1. Under 8 Å by Cβ, and 6 or more places apart or on different chains, what pairs join a residue from the stretch 296-308 that is on the phi > 0 side of the Ramachandran plot with one that is in a strand (DSSP E or B)?
2. Do we have residue 375 as modelled with pLDDT under 90, touching a strand residue (DSSP E or B) at 6+ places or on another chain (Cβ under 8 Å), outside any loop (DSSP other than H, G, I, E, B) and not assigned by TED's automatic domain parsing to the domain that holds residue 439 here?
3. Does at least one position in the stretch 355-370 carry a residue that is crowded, with 19+ Cβ neighbours inside 10 Å and part of a loop (DSSP other than H, G, I, E, B)?
4. Looking only at the stretch 498-516, how many residues end up being surrounded by 15 or more Cβ atoms within 10 Å (Cβ to Cβ), more than 24 Å from the chain's Cα centre (by Cα) and modelled with pLDDT under 85?
5. Could you go through the stretch 11-27 and let me know if any residue there is at pLDDT below 90, within 17 Å of residue 226 (Cβ to Cβ), assigned to a helix (DSSP H, G or I) and in contact with a helix residue (DSSP H, G or I) (Cβ under 7 Å, 6 or more places away or on another chain).
6. Can you tell me how many residues in the stretch 460-481 are surrounded by fewer than 21 Cβ atoms within 10 Å (Cβ to Cβ) and within 20 Å of residue 349 (Cβ to Cβ)?
7. Of (1) part of a helix (DSSP H, G or I); (2) closer than 30 Å to residue 306 by Cβ, residue 389 satisfies all except one. Which?
């Protein structure tokens, strides 16, 4: 059942003219049939969820609708009239707006300049002079419509949070009288509260008759905001159905063509030695007396709201940030780690939350990204043995099923799931004793998630101690042997898996419950 039944369509679909219709869209690239005669229909005032694994063809179709690509066959209709969308500007003029996962704003400009970029109002009869008072006035009204009442039109965009920038993108679409709004993974960088604000804005757009295409890997969001769901697989259309007739298991089977009942492949419990122990760790203003331990073969989940200090703890343990007091022990030996290089030498690995900004060098090859921390094994770091590098990288590509044409493929060209595997392979190359995973499945599709979960389970069974940070409670509960909960820089609960529930974790994370903290 949907969380928001008030968002259901107000009229039967048979009485509505689609605001956007794509029929038999076909697109080929060299060696790839990206779209095979797919179709998609969006009605005014509805949210259509578009699902599929990475590479299913979702992004290709969206780029065609946004004018960034041209189809090889098929037709597009706006309110029943055939149109040819030959450029992004023409798509905007037709009322199609798209907000990509990677925001397309200019940090050096003001909020108002970003909203009206390429569409600045001019003084009457003076086409060479921008009507700045009109820019600021209209910007204020648009910001109010998207809930950004505290953002000023002249504020430099670089001062805004990711969530606020996303609202500016939506405001920019509204400034062009959008009739169809495409949202690509809109909540991937938002907190739960920010996501709730976004869902409220989506509801307001629906009330104004805007049709919305909502692309997400988070199935729970589909049931929260969408009325219908369309599924792509391998460039083809699998089907479209009302959300009220769908189930998560059924949608997963449609996306991947198989049953993923083992999405969370939990490792067998193991009572290995304590690999990582933290005593009284303090970073002023951030962490306050952190105590816990992780054993070899154990997956310890670290839950908490955004801002609780989870990522800050991971960075301190890995030597990326200093801590002011406390002690870290590796295999029972004190380890004052002052740099990531020293952390690697001590047997720690960290998969950070943002693989593109903090982990990968997107212009470099898969081989180079995997072998980066162990170049000293291949002779001179400046002139390493390429043959030995290729052998090591090739082994991980095969064992981890990294889908790439070759080890020399630029890593930025891979899907999100395969990029994440490359990051994990990099740290496996160092033979870690302790692996810290910060949001290990963020932004990857359900099939890739299952593969990453299976990999985590195998590592634990091989004796690696794993500390897994995740904002997805089903992942925490499905993968962890034990769950730590952080709030305001403190560990407030330590729960065995058999006692952990989503309600209990959230109660501890928000300070609303009485969950007892049992320090490991």
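1. Going by the 8 Å Cβ cut-off, the qualifying pairs are 297/465; 304/485; 304/486; 304/487.
2. Numbers: modelled with pLDDT under 90: yes; touching a strand residue (DSSP E or B) at 6+ places or on another chain (Cβ under 8 Å): yes; outside any loop (DSSP other than H, G, I, E, B): yes; not assigned by TED's automatic domain parsing to the domain that holds residue 439: yes.
Yes.
3. Yes, there is a match, as at least one residue in the stretch 355-370 is crowded, with 19+ Cβ neighbours inside 10 Å and part of a loop (DSSP other than H, G, I, E, B).
4. So the count comes out to 3.
5. There is no residue in the stretch 11-27 that is at pLDDT below 90, within 17 Å of residue 226 (Cβ to Cβ), assigned to a helix (DSSP H, G or I) and in contact with a helix residue (DSSP H, G or I) (Cβ under 7 Å, 6 or more places away or on another chain).
6. 3
7. All conditions are met except number (2).
Condition check ((1) part of a loop (DSSP other than H, G, I, E, B); (2) modelled with pLDDT of 90 or more; (3) outside the structural domain of residue 426 (by TED's automatic domain parsing)) across all residues:
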position: 307; (1), (2), (3): yes, no, yes
position: 313; (1), (2), (3): no, yes, yes
position: 316; (1), (2), (3): no, yes, yes
position: 321; (1), (2), (3): yes, yes, yes
position: 328; (1), (2), (3): no, yes, yes
position: 336; (1), (2), (3): yes, no, yes
position: 343; (1), (2), (3): no, yes, yes
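The values are calculated or read from the model by the stated rules, or taken from the named source; none is laboratory data. The shown structure was predicted, so the numbers you read here are calculated from the model rather than taken from an experiment. Note that each Cβ is placed from the backbone with ideal geometry, even for glycine, and that neighbours are counted across all protein chains shown.
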